[in-house]
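Structure first, commentary second.
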Amino acid sequence: MWGVRVTATVLFALAGVVLAVGARAQEGQAVEIGTRRELFVDHALIEKLDGTRLVLHRPRQEGIVLRFDRPWEGPFSGYSTLIQDGRRLRMYYRGLPTAGSDGSANETTCVAESENGTDFTKPNLGLHEVMGSRENNVILANAAPVTHNFCPFLDTRPGVPADQRYKGLGGIRSSGLIAFASPDGLRWRRLQDAPVITEGAFDSQNVPFWSEAEQQYVCYFRTFKRIGDQGYRWVSRTTSPDFLRWTPPVEMSFGDAPPEHLYTNQTHPYFRAPHLYISTAARFMPGRQVVGAEEARAIQVHPDYFKDTSDAVLITSRGGHRYDRTFLEAFIRPGIGLQNWVSRTNYPALNVVRTGDTEMSVYVQQNYGQPTAHIRRYSLRLDGFASVQAAYAGGEMRTRPLTFRGKRLLLNFATSAPGGIRVEIQDPAGKPLPGYSLEEAKELIGNEIERAASWKGGMDVSALAGRSIRLRFVMKDADLYSMRFE
């Protein structure tokens, strides 16, 4: 067994070297985007902003969708995960009515279901006896410490066995992370007795998924990092070909962003662009107290849970061991009222999901440690995390050299009534290509999730497919959220 594990580790390390060398070999060359959708949440495709800027958009509150009001749920419920399986949207979460040590016997894993993302019901599953009854929505019980932070996902790996359509990890430092599988997301079994990941703190939500882009399983999980004399709640990453054998963990890099405590990382492939990982992370500010003792008693928060604050931040990654923190500002600020300014509240659930033709939703755990603990929904337009934005005075953005496949350039954008966007296609040196110059471009005006750019000669850009080009967007009072070739 030891020999097999060493061999696997060596192979993983060699693969990492090959990937790193390949990435360096491509520096300075055109970015191959094919037909994939590219969101403007970082500078990956942006070479120049002139009179434009990258802007973070904040989700809109849409109301409470789930209350932790069952006896086996309660004020300390949390670590939620959203999974879309066909028409059914499931929300998994820890049920915990009383505070206690991590991995206590009082912890369960529960599920709620919805067909629209707005109205959630708690199915009476009858799978486990809790508090003397099987009439509950519990899918894991008497499974401590796995139920402390159990995190499931729908395994989209091609050829995955039917009885392993769902997989999940759970556990704490003393147990390591235990691997589970399920055919239906309700009935779970261990894949093996021994933990599959053992190097980590794990005292948070530890996030696994199958990466279509990297063709391997990935797990982002809780570790701690010391910088100078300060320790931080950090994120590390490991990968696996089979969900059982995992590489040694590597700490994630945040570039030159200032270090901050990230309590949950909630990293996942964006459902409309799976090569882009979106992290709606919970930023934790230990000791930053807003609520006084008398105020804490008034909102009935547990006395151990009001001396810190939290909000949500948007972080992205395109694989590997690097996060991009383009935006340091809050993605979701705490709401009005002192109940939103206590410890371990405002934690986003894992996974942004589609909830309408033009809408996606983020779900956030609020009022932690209080009788009013609940999940609230927030909405955004599709791809609407951030945008390239131009003011009324106008501006432009130019991309790095890129290559594509397809016949049309489709944009997700919004303008004002006097605003607009025109697209010029250039050669790598920045010279306009005949037929696609700014003078020949037709102005895009409106608010569309997907509309084709066009020129006097029409929309067809297939003659340029496979060639190295640049895109120049000239904008006025407009937002550009994403683009793709089709």
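Report the full-extension gain for the segment Lys48 to Arg134: residue separation times 0.36 nm, less the Cα-Cα distance, to one decimal in nm. Length difference between fully extended and current span is 24.9 nm. Dividing the mean sequence gap of close Cα pairs (under 8 Å, 6+ apart) by how many residues segment 341-486 holds gives a relative contact order of 30 percent.
Using alpha-carbon pairs under 8 Å, 6+ residues apart, how would you state the relative contact order of segment 68-114 in percent? All intermediate terms of the calculation are to be shown ahead of the outcome.
On the way: 82 pairs, mean separation 17.3, N = 47.
Reported as a whole number, the value is 37 percent.
With N the number of residues in segment 49-174, Rg(Cα) / (2.2 N^0.38 Å) evaluates to 1.26. Axis angle, to the nearest 10 degrees, between helix 2-25 and the longest C-alpha principal axis of the chain: 30 degrees.
So in the chain, what percent of DSSP beta bridges are antiparallel if you round to the nearest 5?
On the way: 124 of 129 bridges.
Of all bridge pairs located within the chain, approximately 95 percent are antiparallel.
Summarising the overall dimensions of segment 60-381 from its C-alpha atoms, the Rg and Dmax are 18.3, 57 angstrom. Under the combined filter of DSSP loop state and at most 15 neighbouring Cβ atoms within 10 Å, segment 71-123 retains these GluC sites (Glu not before Pro): Glu115. Karplus-based coupling profile of segment 113-121, in residue order and whole Hz: 10, 8, 9, 10, x, 10, 9, 9, 10, with θ = phi - 60° in 6.51 cos²θ - 1.76 cosθ + 1.60 and x standing for Gly or Pro.
Relative contact order for the chain using alpha-carbon pairs under 8 Å, separation at least 6, rounded to a whole percent? Present the calculation step by step, with values, prior to reporting the outcome.
Working: 1267 pairs, mean separation 80.7, N = 486.
In percent, rounded to a whole number, it is 17.
Kirkwood analysis of the Cα pair distances in segment 56-96 returns a hydrodynamic radius of 12.2 Å.
All of the numbers you see were taken from the coordinates with simple rules; none came from a lab. Predicted model only: the values in this text are computed from it and were never measured. Note that we place each Cβ from the backbone using ideal geometry, even for glycine, and neighbour counts take in every protein chain shown.
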